[in-house]
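Engineer: Mind having a look at this structure? Questions to follow.
Just so it is clear, none of the values below were taken in a lab; they were calculated from the coordinates. All figures in this text were calculated on a predicted structure; none of them were measured in a lab. Backbone-built Cβ (ideal geometry, glycine too); neighbour counts: all protein chains shown.
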Amino acid sequence: MRRIVSLILLAVVAVGVALSLSRIPFGTPKTRVGEYYIREGRKETGAVNIVTAVVVNYRGFDTLGEVTVLFTAAVGVGAVLQLFGGKSKYIKRRPASLILRTGCRFLFPLILLVGAYIFIHGHLTPGGGFQGGAVVASAYLLFYLGCRERRISEEATQAVESLSGLVFLVVGVLGLFAGGYFLLNFLPKGDPGSLLSAGVIPVIYIAIGFKVGSELAGIIDKLMEETE
Amino acid sequence: MSFISDYIYYFGAFGLIFIGLYIILVKRNLIKVIIGLSILETGVNLFLISVGYIGSGTAPIFSKPGLKASSMVDPVPQALVLTAIVIGVAVLALALSLAIRVYRHFGTLNLRKIKEQRW
């Protein structure tokens, strides 16, 4: 019964979606704002990667909101699991084999390096703070799975997270003082394509990289604590 | 036939969205509902990206000289999806931790057996 009702409901929605989507051609330019960003983005922001220019510069305020959503979700995970959960403890697990431990110790710094490369070069190559932060967090996931007896300090992740969030806000407020706009790109743009270019974009993206990495690592840490 | 081949990305995206919605509506296990939510989110992301595609366009990155601005895809949906993916991971973690709490409290993940959750 439930299945049939659900299928009928979905079929009705699907017909509506198909009717409206058949008016939207695939693969044609649809927005003028995207064309403007591509045409003028390099000149206005100094970033070669236009997606980064949109995320950090044109829609920097939006990104600040999204970082806040991420922070709220991480706080929610902590609150749900620990505040009302009562006991949360690690059980003693069998240590991993020598091969696993050695491989994990060998790969951990390399993955951190790749993550840092991705978020430092966010304005030049595909990538940026969010992707680099996710790669950094995956290094910590490997650390938890491979070197089971160790764990990262909760205070350290929280400190890194708060400080990098503060860097984002302080850069925004400095723009307010420098030119009258929140998150204004007040540093010199430099030569597009070089590492030290695009003004505040690399600074903000490195802060986002640290923030996302420490937040996701903290989430992994809290979820691992719950495995009993 | 050309309707399908022209809109193949829309079909893929909405296929994922409807699979996710069906799982959310029908399945009883809370973990499976969360998996459905994740599939739904993937479909929405794919849809946003495919709306921004421009025929035979390249990534909007001037990584080497000679790339023309007119042959690049729309950067705005890519910027939106970029952040949405990471937020999706965090929301998934929040949902799973809520599922852990539900299991601790009720001793089951079956949504039909949880009295306060009957629907």
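Engineer: Please pick out the residue among B:Gly15, B:Gly52 that is touching a Pro at 6+ places or on another chain (Cβ under 6 Å) and either surrounded by 15 or more Cβ atoms within 10 Å (Cβ to Cβ) or more than 7 Å from chain A (Cβ to nearest Cβ) (or both).
Structural biologist: From the options B:Gly15, B:Gly52, the qualifying one is B:Gly52.
Engineer: Against the condition more than 30 Å from A:Gly190 (Cα to Cα) and outside any helix (DSSP H, G or I), how does A:Thr28 come out, does it pass?
Structural biologist: Criteria met by A:Thr28.
Engineer: What are the residues in region B:83-107 that are crowded, with 16+ Cβ neighbours inside 10 Å and not in a helix (DSSP H, G or I), if any?
Structural biologist: The answer is none; no residue qualifies.
Engineer: Answer yes if at least one residue in region B:90-97 is β-branched (Val, Ile, Thr) and farther than 30 Å from A:Glu35 by Cα, and no otherwise.
Structural biologist: yes
Engineer: Among the numbered criteria (1) of a type in the set (Phe, Trp, Tyr); (2) within 7 Å of chain A (Cβ to nearest Cβ); (3) crowded, with 19+ Cβ neighbours inside 10 Å; (4) in contact (Cβ under 8 Å) with a residue 24 or more places away in the chain, which single criterion is violated by B:Phe47?
Structural biologist: Of the numbered conditions (1) of a type in the set (Phe, Trp, Tyr); (2) within 7 Å of chain A (Cβ to nearest Cβ); (3) crowded, with 19+ Cβ neighbours inside 10 Å; (4) in contact (Cβ under 8 Å) with a residue 24 or more places away in the chain, the odd one out for B:Phe47 is (2).
Engineer: Then there's this: Picking from A:Tyr37, A:Tyr58, A:Tyr140, A:Tyr117, which residue would you name as being under 22 Å from A:Gly218 (Cα atoms) and buried (at least 17 other Cβ atoms within 10 Å of the Cβ)?
Structural biologist: Being under 22 Å from A:Gly218 (Cα atoms) and buried (at least 17 other Cβ atoms within 10 Å of the Cβ) holds for just one of A:Tyr37, A:Tyr58, A:Tyr140, A:Tyr117, which is A:Tyr140.
Engineer: Of the conditions (1) within 24 Å of B:Ala84 (Cβ to Cβ); (2) within 16 Å of the chain's Cα centre (by Cα), A:Leu183 satisfies every one except a single condition; which number is it?
Structural biologist: Of the numbered conditions (1) within 24 Å of B:Ala84 (Cβ to Cβ); (2) within 16 Å of the chain's Cα centre (by Cα), the odd one out for A:Leu183 is (2).
Engineer: Does any residue in region A:13-40 that is facing another protein chain (nearest Cβ under 7 Å) come within less than 6 Å, Cβ to Cβ, of a residue that is among the charged types (D, E, K, R) and in a helix (DSSP H, G or I) six or more places away or on a different chain, and which pairs are these?
Structural biologist: Partner pairs satisfying both residue conditions: A:Phe26/B:Asp6.
Engineer: I'd like the residue in region A:166-201 that is touching a Gly at 6+ places or on another chain (Cβ under 8 Å) and of a type in the set (S, T, N, Q) and, out of all such residues, is surrounded by the most Cβ atoms within 10 Å (Cβ to Cβ).
Structural biologist: A:Asn185
Engineer: Of the residues that make up region B:76-96, is at least one touching a residue at least 60 places away in the same chain (Cβ under 8 Å) and touching a Leu at 6+ places or on another chain (Cβ under 9 Å)?
Structural biologist: yes
Engineer: Continuing with this model, one more query. Of all the residues that make up region A:126-177, how many are within 14 Å of another protein chain (Cβ to nearest Cβ) and of a type in the set (A, V, I, L, M, F, W, C)?
Structural biologist: 7
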